[in-house]
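Input: a single structure, listed below in structure tokens.
Just so it is clear, none of the values below were taken in a lab; they were calculated from the coordinates. These numbers come from a predicted model, not from an experiment. Ideal geometry is used to build each Cβ from the backbone, glycine not excepted, and the neighbour counts take in all protein chains shown.
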Amino acid sequence: MSKFNSYEHLKISLNNDGTLNRLTKMPKISANPNPGQGEFVASKDVTINNETKTWIRIYCPTKLAANDGNVARLPIMIYYHSGGWIDHSVADLFYHERCLQFARDLPAIVISLEYRLAPEHRLPAQYEDAMDTILWIQQQALDPKGEQWLKDYGDFSRCYLGGRGNGANIAYNACLKAIQVDLNPLTISGIILNQPMLSGNQRTKSELKYACDELYPLPVWDLMWELALPKGTDRDHRYCNPMKDPMLQSKICKLGRCLVIGYSMDPMVDRQQDFVSMLMGCGAKVEAHFDVGFHGVDLVDSKRGSYNLQLIKDFVK
């Protein structure tokens, strides 16, 4: 029997200089600022940091409700894609279509961040990119010549941070950074954490029970953390295991509203439920929904995907 190889499972290889070869190539979709008839969302790409080469894709519905002749203001959702820190792009077909759906069905102005990937850029680079995006949106609110879609249609008092997997981890940590600065007139109204990626040195019961998960076995999760965490740290670092950082917990009461979604056969489910307990114990307002299913079931089961979308729609007020 051949030995399990996490690199082969993830279809990546590590170069001598510490960079990755990413062998899975997803179809890429270009932004479309001028959609045709029958298309309900426009999109465009904007660079937000020339030094780090980070950029965003903005999605704006083309069918906007009006009230007394005035266009209704839409909530702003900043979305962080998944990929275990090491892979994928906002331009990948799947993530592009997911943001189109959010913009159309919530409806909302959606801002999808092309953050830097590990291991070329280890944590906290992704959190810094997320914070750059939040500050960029604040700048648009303050600038009379700011980004037109945001100025004309966005509600800066209703900004949400959201993501799935490691993207949910980014949303949580970005919000912890955001509550420490003056964002006026921007207000973070809540965070949406779909199957947040968490771990720790001590194995939980669910990690051991689903250690041989077909899609995401435990060694794969461990490798992704090994490639993402700062060198010289372990999985009890606060980026990976927030329950191990009591100093951080004093800030959690300022997070506001949190939506957490998880599944019973996800190896991380025990840790996610401990995370929810920590949030609630520290004063955060948490709506938690745990259902039967495996990690990523909402990506392949249309009914689960629709249910999650409804949860998010009800949460984004």
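With 0.36 nm allotted per residue and the present C-alpha distance subtracted, the E226-N34 stretch has 64.9 nm of extension available. Shown in residue order for segment 9-20 are the 3J(HN,Hα) couplings computed by the Karplus curve 6.51 cos²θ - 1.76 cosθ + 1.60 at θ = phi - 60°: 4, 7, 6, 9, 9, 9, 7, 4, 8, x, 8, 10 Hz (x for Gly and Pro).
Note on segment 215-259 and segment 165-190: Cα centroid distance 16 Å, given to the nearest whole angstrom.
Each peptide among 159-168, 284-293, 27-36 gets the average number of other Cβ atoms lying within 10 Å of its residues, and from highest to lowest they stand as 159-168, 284-293, 27-36. Residues of segment 194-219 with amide nitrogen under 18 Å from the 7 Å Cα-to-Cβ point of I179? Zone members listed by number: 194, 196. Using the rule -39500 (n - 2.57) for each DSSP H run of four or more residues, divided by the residues of the chain, the 222 nm mean residue ellipticity is -9500 deg cm²/dmol. Descending by average beta-carbon neighbour count within 10 Å, the peptides 75-88, 126-139 line up as 75-88, 126-139, the highest first. A simple spin-label model places pseudo-atoms 7 Å from Cα toward Cβ; at D314 and D301 they are separated by 1.7 nm.
Within the straight-line cut-off of under 29 Å between alpha carbons, the lysines reachable from K251 are K177, K205, K231, K285, K313, K317, sequence neighbours fewer than 8 places apart in one chain being disregarded.
Using alpha carbons only, what's the Rg to Rh ratio of the chain with Rh from Kirkwood?
Ratio of gyration radius to Kirkwood radius for the chain: 0.95.
Remark: spin-label model distance D234-D17 equals 3.3 nm, labels positioned 7 Å along the Cα→Cβ axis. Once both axes come from the Cα atoms, what is the angle between helix 93-105 and the longest principal axis of the chain, in degrees from 0 to 90, rounded to 10? Helix 93-105 and the main axis of the chain meet at about 40 degrees. The long axis of helix 269-281 is offset from the longest Cα principal axis of the chain by roughly 60 degrees. Helix 302-315 axis versus longest C-alpha principal axis of the chain: approximately 60°, rounded to the nearest ten.
Stretched out straight at 0.36 nm per residue, the stretch from K25 to A65 would grow longer than its current Cα-Cα span by 10.6 nm. Entry note, segment 6-315: relative contact order of 15 percent, from Cα contacts under 8 Å with a spacing of 6+ residues.
How much length would be gained if the chain were fully extended between E120 and K44, taking 0.36 nm per residue of separation minus their Cα-Cα distance, in nm to one decimal? Intermediate results must be reported in sequence, preceding the final value.
Working: separation 76, 0.36 × 76 = 27.36 nm, distance 2.63 nm.
That pair, E120 and K44, stretches by 24.7 nm at full extension.
In this structure, M280 and T52 have a Cβ-Cβ separation that, at R0 = 25 Å, corresponds to a calculated FRET efficiency of about 0.10.
Distance between the C-alpha centres of segment 1-67 and segment 109-131: 12 Å, rounded to the whole angstrom. Of the cross-linked pairs K44/K303; K44/K151; K209/K244, those separated by over 18 Å at the C-alpha level are K44/K303; K209/K244.
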